[in-house]
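To start, the structure itself, in C-alpha cells.
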Amino acid sequence: MILISWNIDSLNAALTSDSQRAHATRAVLQTIYAHKPDIFAIQETKLRATGPTKKHQEILATMFPEYDYVWRSSVEPARKGYAGTMYLYKRDLAPVVSYPRIGAPEPMDDEGRIITLEFANFYVTEVYTPNAGDGLKRLTERQGWDQKYAAYLHELDQKKPVLASGDFNVAHHEIDLAHPENNHRSAGFTDEERAGFTNLLSYGFTDSFRHVHGDVTGVYSWWAQRVRTSKANNSGWRIDYWLVSERMVDQVVRSEMIATGDRRDHCPILLEIKD
C-alpha cells in the first residue's frame, strides 16, 4: 500500500488559478497521481464550508479518475476558508470515515483539521496541526491541542494500529531544520511544541522517516515560501510526518519526500507499507 500526504496550501488555487505557482502545484499533483497512491491526504485545503465546488469536483474527477474523496472544512465560529483537510482514496477501499472532535481549545475543533479512515485492520488519520502563530500568540492553545490529539491517537491505537500523517507544524529535533540555533523561540521549534511531539511518540508511535533513514541530515519537507532562496539553499524544516504504531514498524518499506522542483512551501511525503 502506498500513502501520500501533502499540505497543498489552497486546493482552490491549485485547481483553478492560472498563476505560475498554481501550474507548479498541478505538476506536483500529476507526480502524485503517477505514484498511484492508495490513499492521498491533503491538508490546508482552504475550501469554503460547503466543500469543493462543482468546478473543483470536475477537475478532481479528471485528475484522479479512480478515486473517491471526503473533505472537512473550517466552519463557524472558526474562520472561513481556513485550514481544512481532504482524503482521496481508491474507490475499492471504501473506508468508514469519521470527523473527530477532540475537545481542543476553541475554535480548533471547528477548523477542519482531522479526518480518520477506518479499515478492517488499521486506521489512517491525517492532521493539520495548528500553528503557534506570530509571536507565539497561540502557543498555549497549541499545547492544549497537542495534549488532546495525543490522547485521540492513543485511543485509536488501543483498538487497531494507526498510520497518522500530516503537517504537524513542529521540527522535533535540531537535525530536523537547517538552522536550529536561530529558531528556539520560533513557532514550530519551541521547547513546548517539541515536548508535545515527544509526548505523542511516547504513546507508542514511530517517526517512520527516522526509522528508515536514521540521522540523515539536510532532508526537509518545508521551505519558507516568502524567502526566495530557501529552496535553493535548502534552508528547510521537516515538519510533515508519517507516524506508525510501533507494532507496524516492520511493515514500513519506504518513507520519503517527493521532490517539487523549485516550488517552495511543503513537499508531499510518501509512505509504503507491506501487508
Going by the conditions given, is residue 115 over 27 Å from residue 191 (Cα atoms), among the β-branched types (Val, Ile, Thr) and either touching a Lys or Arg at 6+ places or on another chain (Cβ under 7 Å) or part of a loop (DSSP other than H, G, I, E, B) (or both)?
yes
Are any residues in the range 245-259 touching a strand residue (DSSP E or B) at 6+ places or on another chain (Cβ under 9 Å) and part of a helix (DSSP H, G or I), and if so, which ones?
246, 248, 249, 251
Condition first: assigned to a loop (DSSP other than H, G, I, E, B), at pLDDT below 95, of a type outside the set (Lys, Arg) and more than 23 Å from residue 134 (Cα to Cα). Can you find one or more residues in the range 268-275 that meet it?
yes
Those residues of the range 95-112 which are in a loop (DSSP other than H, G, I, E, B), farther than 18 Å from residue 45 by Cβ and in contact (Cβ under 8 Å) with a residue 12 or more places away in the chain, in sequence order:
95, 102, 103, 104, 105, 106
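Scanning the range 26-73 for residues that are among the hydrophobic types (A, V, I, L, M, F, W, C) and without any contact (Cβ under 8 Å) to a residue 12 or more places away in the chain, which turns out farthest from residue 266 (Cα to Cα)?
Applying the filter and picking the extreme gives 61.
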So for the range 119-126 (the condition being part of a strand (DSSP E or B), surrounded by 17 or more Cβ atoms within 10 Å (Cβ to Cβ), among the charged types (D, E, K, R) and touching a Ser or Thr at 6+ places or on another chain (Cβ under 7 Å)), does at least one residue qualify?
yes
Condition check for residue 210: touching a residue at least 40 places away in the same chain (Cβ under 8 Å), basic (Lys, Arg) and out of contact with any helix residue (DSSP H, G or I) (no Cβ under 6 Å at 6 or more places or on another chain):
no
Yes/no for residue 50 being of a type in the set (Val, Ile, Thr) and buried (at least 16 other Cβ atoms within 10 Å of the Cβ)
no
What are the residues in the range 130-149 that are of a type in the set (D, E, K, R) and within 16 Å of residue 74 (Cβ to Cβ), if any?
138, 141
Within the range 191-229, residues of a type in the set (Lys, Arg) and either in a helix (DSSP H, G or I) or surrounded by 13 or more Cβ atoms within 10 Å (Cβ to Cβ) (or both) come out as 194, 210
Out of everything in the range 230-254 that is free of Cβ contacts under 8 Å to residues at least 60 places away in the same chain and in contact with a Phe, Trp or Tyr (Cβ under 8 Å, 6 or more places away or on another chain), what residue ends up being surrounded by the fewest Cβ atoms within 10 Å (Cβ to Cβ)?
234
Can you find, within the range 77-112, the residue that is surrounded by the fewest Cβ atoms within 10 Å (Cβ to Cβ) among those that are out of contact with any Lys or Arg (no Cβ under 7 Å at 6 or more places or on another chain) and of a type in the set (Ser, Thr, Tyr)?
98
State yes or no: is residue 165 surrounded by 14 or more Cβ atoms within 10 Å (Cβ to Cβ), assigned to a loop (DSSP other than H, G, I, E, B), out of contact with any Gly (no Cβ under 6 Å at 6 or more places or on another chain) and not aromatic (Phe, Trp, Tyr)?
no
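The values are calculated or read from the model by the stated rules, or taken from the named source; none is laboratory data. Everything numeric here is computed off the predicted structure, so don't read it as measured data. Counting neighbours? That spans all protein chains shown, and the Cβs are built from the backbone with ideal geometry, glycine included.
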